[in-house]
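The values are calculated or read from the model by the stated rules, or taken from the named source; none is laboratory data. Because the structure is predicted, anything quoted here is derived from the model rather than measured. Positions of Cβ are generated from backbone atoms using ideal geometry, with glycine treated the same way; all protein chains shown enter the neighbour counts. These area figures cover heavy atoms from the full protein model, side chains too; ligands, DNA and RNA do not enter into them. Shrake-Rupley method; radii C 1.70, N 1.55, O 1.52, S 1.80 Å.
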Amino acid sequence: MFKLSRYYSVASFIAILAVIIVLSLYYRANAVESLMEHQTRTNVSLAQAFANSVWSKYKAFVHQASAIAPSELPDRNEIKQLQADIRAQMTGLNVVKVKIYNLDGLTVFSTDPSQIGADKSSNSGFLKARAGKVASSITFRNEFYAFEKVIIDRNLVTSYIPIFRQSDDTVGAVFELYSDVTELIDELERTTWHVVSGVALALLILYAVLTAIVIRADNIIRSQEDKRKASEAKVRHQAYHDPLTGLPNRASFCERLDEAIKRGHRTGKSVGVMFLDLDRFKIVNDSLGHDAGDQLLKVVAKRVQAVARETDMLFRMGGDEFTIILEDLRYAEDSARVAKRVIDSVSQLARLDQHEVTVTVSIGIAIYPKDASDVEDLVRGADAAMYRAKQAGRNTFAAYTEDLNVRAIERFTLESELQHALRNNEFVLHYQPKVSLPGNGAIIGMEALLRWEHPRLGLLPPDQFLTILEDTGLILSVGEWVLRTACRQNHAWQAQGLLHTRVSVNVSAPQFRDRSLVSIVHDVLEETGLEAKFLELELTESLLIENTQEAIAIMDELKNIGVFLSIDDFGSGYSSLNYLNRFPVDLLKIDQTFIKHMLTDRKDAEITHAIADLAHALNLGLVAEGVENNEQLTFLRAHGCDEAQGFLFSHPLPVEEFQRLLIEGKLQTTAELALADTRDLTAEA
């Protein structure tokens, strides 16, 4: 908003400053000019007085001086007599120097003997005086005086004055007088300062008065503007919000949904629309009255807002209908989870004055761009899905497409079953060995991999349930179980004399961000008896760059315990090499997507090569995962990879099979054969 006082204060201050500067300069210039005129008249009078007293006596000498060698002039008796006469005339005057020039420009006389004999025929002041005019100039202290070629410490007015012959009024010689006006200039500056100060004070008082007036006017204008904006905001709020619940209304919903779809189109992310309709709301409204119905609508609005995501937008469409816009959906099934939370929250007992009622909600879901590509079709789809939910018995949700329904139901089923999986001992660990490439292929490590022995679906890999674990927060307890189980098993194998090497455990982003991670690792090692050097924690590159400084601090604490740290899936993130140098890690694990395509994609091969060089430069160990054939092994071994794991050596194995492998030593034989093949291929190349 335009602020009158701000612009006035700046503009007027600049104007006042300019007036003061111009006034001071103008006053000083006029004063100096007046001083010059006065001093010039004084110098003319003094020169005429000097001429009257000495000119008749020395004019013949002055006219004939050009015939005398300049070097001899200072020693002439006439000069000495003239010096005495001029000095006598200068007594009591402010004249500090007198010079006499003949018409040839020769300095016949000067009260400064060193200047006698100098040629001033080209001097502009001399030439003007020889032409019959007076020439004056002022030289201020500490300025360089060009004619004298010195820096003076006085304020001087210099006048070149013609001396006329009485016989024919022609110029017979030129006098130059130097008058000291230092005291006059000092007085002039003091007077200038007093005048300017007085004017400045008067202007500043005027400025203060006018500024106060402008500030008052500015406050009035701003107050009026604030009232206008508040009024406009109130009108707009009333136009776009429901007066009962305070939620955005139908008009706002259409605008926001259109904006959300445009953002989704730009970003490539899904947008969900949920239609909510309260079941049997009319019964409550008719039996308990409209006031109770209004109270119930407010309760429902608060409950839905409490369980919706921060990015979700809730609207009241009218009556007992609500809508929710869900942006940035990672998976279409995420909308179903929101619907489930809304259903659970709304169905809780509600107290309305003296009555306790229970109300349920039916929800319809449609997803952009899967179900529709514009606002109208998306709304129509969500509305149709809501009626399907009504037909299914109410207090449930339905999706516009059957596929989403099936996936959502399956996800909710898995989410519910995961709640009991840990308690029912349904999780197991499989172990995949890591082999040494520079050596003979012996097992030098193993990775603990989580599996779910689902009672209905069988053995499930983590990609089918890990996201649900993270979304529900179960990942913390399950992650701690994985860590404890892997350490206990490794210690048991060491106690049997089967293996003395590291077991690596993946740490998820929620685990790493949890403040208790370091203490959990410490407690697990103490509880299981496993030495810290036999535990390796695998951290993904992406989680380390979320808050690099905090990540480094946590890693330092883990290193103080003594565990190994590795960066998993290296190359898939965007970590800075500067930070990588500061990460206290021991190993880099090349992302298996590079391993998979490095023999057919030149860029993946170059990236793998670059990661190997980087690891060696930073003195870090290098691990390749996903190795499936001898050609890949040959490439990795040629580029100095230290460890490898993959189907070429072994699939992840249950505890019993992995233990049997250790006892029988079959993996070692397989690894030796694979490494032998790579050596043979290298030799042939």
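Suppose each label sits 7 Å from its Cα in the direction of the beta carbon; what would the SER45-GLN166 distance come out to in nanometres?
2.1
Each label point is 7 Å from the Cα along the Cα-to-Cβ direction; what then is the distance between the points at ARG351 and ALA492, in nm?
5.3
Residues with beta-carbon under 10 Å from that of ALA624, excluding ALA624: net charge, scoring Lys, Arg +1 and Asp, Glu -1? Let's see the in-between values first.
Details: positive: LYS434, LYS589, ARG637; negative: ASP591, GLU625, ASP642, GLU643.
Cβ neighbours under 10 Å give a net charge of -1.
At 7 Å along Cα-to-Cβ for each site, give me the label-to-label distance between ASN77 and ALA60 in nm.
For ASN77 paired with ALA60, the spin-label model returns 1.3 nm.
Find the accessible area per residue for the range 523-653; the probe is 1.4 Å, ligands and nucleic acids are left out, and the unit is Å².
Dividing the accessible area of the range 523-653 by its residue count gives 44 Å².
In a shell of Cβ-Cβ distance under 12 Å around GLU426, excluding GLU426 itself, what net charge do Lys and Arg (+1) and Asp and Glu (-1) give?
On the way: positive: ARG423, ARG451, ARG456; negative: GLU417, GLU453.
Summing Lys/Arg as +1 and Asp/Glu as -1 gives +1.
Taking the Cα centre of the chain as origin and charging only Cβ (+1 Lys, Arg; -1 Asp, Glu), how large is the dipole, in debye to the nearest 20?
That gives the chain a dipole magnitude of about 3480 debye.
Find which of LEU460, LEU276, SER542 sits farthest along the positive direction of the dipole of the chain, computed with +1 on the beta-carbon of Lys and Arg, -1 on that of Asp and Glu, about the Cα centre.
Comparing the listed Cα positions along the dipole, LEU276 ranks first.
Throw me the Rg/Rh for the range 173-250, computed over C-alpha atoms with Kirkwood Rh, two decimals.
Numbers: Rg = 32.3 Å, Rh = 19.2 Å.
For the range 173-250, the value is 1.68.
Rounded to two decimals, what is Rg over Rh for the range 447-590 when you use alpha-carbon atoms and the Kirkwood radius?
0.97
With a ≥ b ≥ c the root eigenvalues of the C-alpha gyration tensor of the range 246-382, is it rounded (a/c under 1.5), prolate (a/b larger than b/c) or oblate? Mind showing how you got there, number by number?
Values: a/c = 2.47, a/b = 2.03, b/c = 1.22.
Prolate shape, in that a/c is at least 1.5 and a/b is the bigger ratio.
Towards the positive end of the charge dipole of the range 291-375, with charges on Cβ (+1 Lys, Arg; -1 Asp, Glu), say which of SER335, ILE367, GLY318 has the farthest Cα.
Working it through, the farthest residue towards the positive pole turns out to be SER335.
How high is the FRET efficiency from PHE647 to ASP291, r the C-beta distance, R0 56 Å, rounded to 0.05? Show your work: numbers first, answer last.
Working: r = 69 Å, r/R0 = 1.23.
That gives a FRET efficiency of 0.20.
For n ≥ 4 DSSP H runs only, could you compute -39500 (n - 2.57) per run for the chain, divide by its residues and tell me the 222 nm figure to the nearest 500? Walk me through the intermediate numbers first.
On the way: 22 runs with 363 residues, N = 685.
Result for the chain: -17500 deg cm²/dmol, rounded to the nearest 500.
In Å and on Cα atoms, what radius of gyration and Dmax does the chain show?
Spelled out, the Cα radius of gyration and Dmax of the chain are 50.1, 143 Å.
From the gyration tensor of the Cα coordinates in the range 153-302, what semi-axes in whole Å does the equivalent ellipsoid have, largest first, with each one equal to sqrt(5λ)? Mind showing how you got there, number by number?
Numbers: eigenvalues 1706, 119, 31 Å².
Each semi-axis is √(5λ); the values are 92, 24, 13 Å.
What order, most packed first, do the peptides 374-381, 345-352, 420-427 have when packing is the mean number of other Cβ atoms within 10 Å of each residue?
Highest to lowest by the protection proxy: 374-381, 345-352, 420-427.
What net charge is computed for the residues neighbouring ALA398, neighbours being all others with C-beta under 9 Å from the C-beta of ALA398, Lys and Arg scored +1, Asp and Glu -1? Let's see the in-between values first.
Details: positive: ARG388, LYS390; negative: none.
Residues close to ALA398 contribute a combined charge of +2.
Taking the Cα atoms of the range 419-481 alone, what are Rg (to one decimal) and Dmax (as a whole number) in Å?
14.8, 45
List every residue whose amide H lies under 5 Å from the amide H of ALA118, counting only residues 5 or more places away in sequence or on a different chain, with H placed 1.01 Å from N in the peptide plane.
Placed amide hydrogens put THR107 under 5 Å from ALA118.
So with the 1.4 Å probe, I'd like the accessible area per residue for the range 242-383, rounded to whole Å².
On the way: 6590 Å² over 142 residues.
Per-residue accessible area for the range 242-383 comes out at 46 Å².
At R0 = 56 Å, how high is the FRET efficiency between LYS133 and ALA230 if r is their beta carbon distance? Nearest 0.05 is fine.
Details: r = 78 Å, r/R0 = 1.39.
Plugging the Cβ-Cβ distance into 1/(1 + (r/R0)^6) gives 0.10.
Highest first, please rank the peptides 321-328, 178-185, 615-622 by the mean number of other Cβ atoms sitting within 10 Å of their residues. Write down the numbers at each step before the final one.
Details: 321-328: 21.8, 178-185: 18.8, 615-622: 15.8.
Order by mean packing, descending: 321-328, 178-185, 615-622.
Can you tell me, using C-alpha contacts under 8 Å and at least 6 residues apart, the relative contact order of the range 476-541 as a whole percent? Please report the intermediate quantities before stating the final value.
Numbers: 64 pairs, mean separation 30.0, N = 66.
Normalised by residue count, the contact order of the range 476-541 is 45 percent.
Report the gain in length on full extension from ILE16 to TYR387: 0.36 nm times residue separation, minus Cα-Cα distance, nm rounded to one decimal. Walk me through the intermediate numbers first.
Details: separation 371, 0.36 × 371 = 133.56 nm, distance 7.55 nm.
Separation in residues times 0.36 nm, less the Cα-Cα distance, equals 126.0 nm.
Towards the positive end of the charge dipole of the chain, with charges on Cβ (+1 Lys, Arg; -1 Asp, Glu), say which of SER231, ILE221, SER114 has the farthest Cα.
The listed residue farthest towards the positive side: SER114.
With +1 on the Cβ of every Lys and Arg and -1 on the Cβ of every Asp and Glu, and nothing else charged, how large is the dipole of the range 443-568 about its Cα centre, in debye rounded to the nearest 20? Show your work: numbers first, answer last.
Working: 9 positive and 19 negative charges, 80 e Å.
Roughly 380 debye for the range 443-568.
For the range 448-488, just say rounded, prolate or oblate: build the C-alpha gyration tensor, square-root its eigenvalues into a ≥ b ≥ c, call rounded for a/c under 1.5, and beyond that prolate if a/b exceeds b/c, oblate if not. Present the calculation step by step, with values, prior to reporting the outcome.
Numbers: a/c = 2.19, a/b = 1.21, b/c = 1.81.
Verdict is oblate for the range 448-488.
Would you please put 594-605, 295-306 in order of how densely packed they are, using the mean number of other Cβ atoms within 10 angstrom per residue and starting with the highest?
Details: 594-605: 15.8, 295-306: 18.2.
Order by mean packing, descending: 295-306, 594-605.
Taking Cα atoms, how many degrees apart are the long axis of helix 4-64 and the longest axis of the chain, rounded to 10 and kept between 0 and 90?
The answer is roughly 30 degrees.
How much FRET efficiency would the formula 1/(1 + (r/R0)^6) give for GLU628 and THR360, where r is the Cβ-Cβ distance and R0 is 60 Å, rounded to 0.05? Please list the in-between numbers first.
Values: r = 53 Å, r/R0 = 0.88.
Computed FRET efficiency for GLU628 and THR360: 0.70.
About its Cα centre, what dipole magnitude does the range 67-106 give when the only charges are +1 on Lys and Arg Cβ and -1 on Asp and Glu Cβ, stated in debye to the nearest 20?
Values: 5 positive and 5 negative charges, 43 e Å.
Charge dipole of the range 67-106: 200 debye, to the nearest 20.
Can you tell me the orientation of helix 475-495 relative to the chain, as the angle in degrees between its alpha-carbon axis and the longest Cα principal axis, to the nearest 10?
It works out to around 70 degrees.
Give me the percent of the accessible area of the chain that comes from carbon and sulfur atoms, probe 1.4 Å, all protein chains in place. Can you show the working numbers first?
Details: 18270 of 34410 Å².
It is 53 percent, rounded to a whole number.
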